[in-house]
Amino acid sequence: MTAEASGTMPAAGGGDVVLSIDAMSGERGVAEVVRGMGKSLAKNHRLRYILHGDAETLAKAIRKASPLAARTEIRHAASVIAMDEKPSRALRTGQGSSMWNALETIKSGESRVVISCGNTGALMALAMLVLRKAPGVNRPAIAVLWPSMNRAGYNILLDAGADVRADAEDLLKFAVMGASYARNALELRRPRVGLLNVGVEEHKGRPELHEAAGLIAAAGPHGDFDYIGYVEGGEMAGDRVDVIVTDGFTGNIALKTGEGTASLIRGLLREAFAYSPLSRIGALFAYTSLGRLSKRIDPRRVNGGVFLGLNGTVIKSHGSADATGVSAAIKLAFTLAENGFAEKLAARVAQGAGPSPARGALQS
């Protein structure tokens with residue numbers, strides 16, 4: 001019986017949206033996760049949580065009779081997947097952990113999205129075991145939001161590290177899934193998709209990129225996206241592309257480099273404006289603008305890599321996420337759940353490069 005048929009799937013478009021959260025796996029502890037949940041609930045009263053972890057610890061972290069307590073169901077988990085645990089070991093010992101139990105709620109139809117701050121490799125391994133890969137997907141991908149000059153404020157990069165390998169067919173699926181994510185998360189009707197390469201010239205890059213370029217270009221008209229060709233690293237934050245497709249090895253290096261650069265810029269700005277009394281006075285005049293810049297390049301505010309290609313939506317929060325980061329991941333989870341993203345993505349991948357649906361049919 002499907003989740004919809006059993007009546008357990010939360011309704012979109014006005015009712016409660018249930019999110020399942022692994023509270024134990026992050027580096028900052030339960031308190032920051034709970035604070036992030038509270039911040040989100042204060043802004044969105046349609047949220048309801050299933051929280052997984054040590055029941056006694058979680059009960060102490062949530063103030064009794066609070067709005068958060070009224071909207072949160074605590075479920076005890078006997079174990080926790082460590083941040084340094086190998087995925088192979090997590091597969092053998094993970095059953096009954098907070099991470100495993102959170103994933104099970106999607107399978108049972110009790111929740112629409114899972115959020116975890118835990119071990120990325122273990123989370124992907126357990127998600128593939130519990131939820132399975134969606135039909136037509138060989139390799140799932142992690143999609144992340146990348147601050148950019150686009151109207152939406154972000155581009156999408158995938159794969160950001162789910163698998164270091166990707167052949168031409170995988171890159172095609174990444175393009176299809178990334179375009180669907182852009183439509184649902186960024187509300188882009190027809191996203192522009194580009195392949196990350198060492199140059200924009202057609203002859204540059206590895207053979208699998210050349211093959212993928214042809215496949216993605218051919219799929220664009222049926223997949224409701226525009227393939228714009230190769231993009232270089234310097235264009236990742238520009239306004240020429242909406243979805244940047246690459247393998248997980250390159251994507252993860254790019255992601256970590258971008259995060260490090262953003263932290264460097266913030267540190268250099270603080271240092272520059274603290275240099276002298278005149279600099280500090282200048283900082284006061286520029287306070288509002290500096291605040292806006294800080295928010296735009298703050299990794300916490302775009303926290304949440306989405307696992308694409310599974311039978312359900314899983315969001316990997318930064319392991320070191322604070323309450324602001326957790327709240328950002330919850331906001332993204334709500335948006336995707338509200339839009340019925342998992343169902344739309346599955347239909348889009350199953351459709352593949354075939355003919356477009358009739359006008360007025362599936363929009364994903």
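The values are calculated or read from the model by the stated rules, or taken from the named source; none is laboratory data. If you're wondering where the values come from, they're calculated on a predicted model, not measured in any experiment. FYI the Cβ positions are ideal-geometry reconstructions off the backbone, even for glycines, and counts take in every protein chain you see.
Once the range 175-195 is narrowed to residues that are touching a Ser or Thr at 6+ places or on another chain (Cβ under 8 Å) and modelled with pLDDT under 95, the residue that is surrounded by the most Cβ atoms within 10 Å (Cβ to Cβ) is S180.
Confirm whether L290 is outside any loop (DSSP other than H, G, I, E, B), of a type outside the set (D, E, K, R), at negative phi and modelled with pLDDT under 80.
yes
Tell me whether the range 148-160 contains one or more residues that are of a type in the set (F, W, Y), more than 14 Å from the chain's Cα centre (by Cα) and within 20 Å of T257 (Cβ to Cβ). There is no residue in the range 148-160 that is of a type in the set (F, W, Y), more than 14 Å from the chain's Cα centre (by Cα) and within 20 Å of T257 (Cβ to Cβ).
One residue alone among G220, G229 is surrounded by 15 or more Cβ atoms within 10 Å (Cβ to Cβ) and in contact with a Gly (Cβ under 8 Å, 6 or more places away or on another chain), and that residue is G229.
Output the qualifying pairs, or none if there are none: Cβ atoms under 9 angstrom, residues six or more apart or on different chains, first residue in the range 135-154 and over 21 Å from F249 (Cα atoms), second residue modelled with pLDDT under 85 and assigned to a loop (DSSP other than H, G, I, E, B). Close Cβ pairs satisfying both conditions: G136/G352. Considered as a group, the residues in the range 164-190 that are more than 19 Å from G305 (Cα to Cα) and not in a helix (DSSP H, G or I) include one that is farthest from the chain's Cα centre (by Cα), and that residue is D167. Taking the options E187, E202, name whichever one is farther than 17 Å from K344 by Cβ and among the charged types (D, E, K, R). Only one candidate qualifies: E202. Taking first residues from the range 199-211 that are assigned by TED's automatic domain parsing to the domain that holds T246 and partners that are of a type in the set (D, E) and modelled with pLDDT of 85 or more, the Cβ contacts under 7 Å between residues at least 6 apart in sequence or on separate chains come to G199/E232; V200/E232; E208/D167. Put simply, of E271, E259 the only residue that is touching a residue at least 12 places away in the same chain (Cβ under 8 Å), farther than 16 Å from L172 by Cβ and assigned to a helix (DSSP H, G or I) is E259. Listed conditions (1) of a type in the set (K, R); (2) out of contact with any strand residue (DSSP E or B) (no Cβ under 6 Å at 6 or more places or on another chain); (3) under 23 Å from V326 (Cβ atoms) are all met by R71, apart from (2).
N138 meets each of the listed conditions (1) outside any loop (DSSP other than H, G, I, E, B); (2) surrounded by fewer than 23 Cβ atoms within 10 Å (Cβ to Cβ) apart from (1).
Working only within the range 222-247, note down all residues that are over 14 Å from S180 (Cα atoms) and in a helix (DSSP H, G or I). If the condition is that a residue be over 14 Å from S180 (Cα atoms) and in a helix (DSSP H, G or I), then G233, G234, E235 are the ones that fit. If only residues of the range 238-270 that are loosely packed, with under 15 Cβ neighbours inside 10 Å and closer than 28 Å to M124 by Cβ are counted, the one that is nearest to the chain's Cα centre (by Cα) is K256.
Being among the β-branched types (V, I, T) and over 19 Å from R240 (Cα atoms) is the filter here, so list the residues in the range 163-208 that pass it. Correct list: V164 only.
For the range 53-73, what are the residues that are among the β-branched types (V, I, T) and farther than 16 Å from G29 by Cβ?
T72
For the range 82-105, the candidate set comprises residues that are in contact with a His (Cβ under 9 Å, 6 or more places away or on another chain) and under 15 Å from A55 (Cα atoms); within that set, the residue that is surrounded by the fewest Cβ atoms within 10 Å (Cβ to Cβ) is N101.
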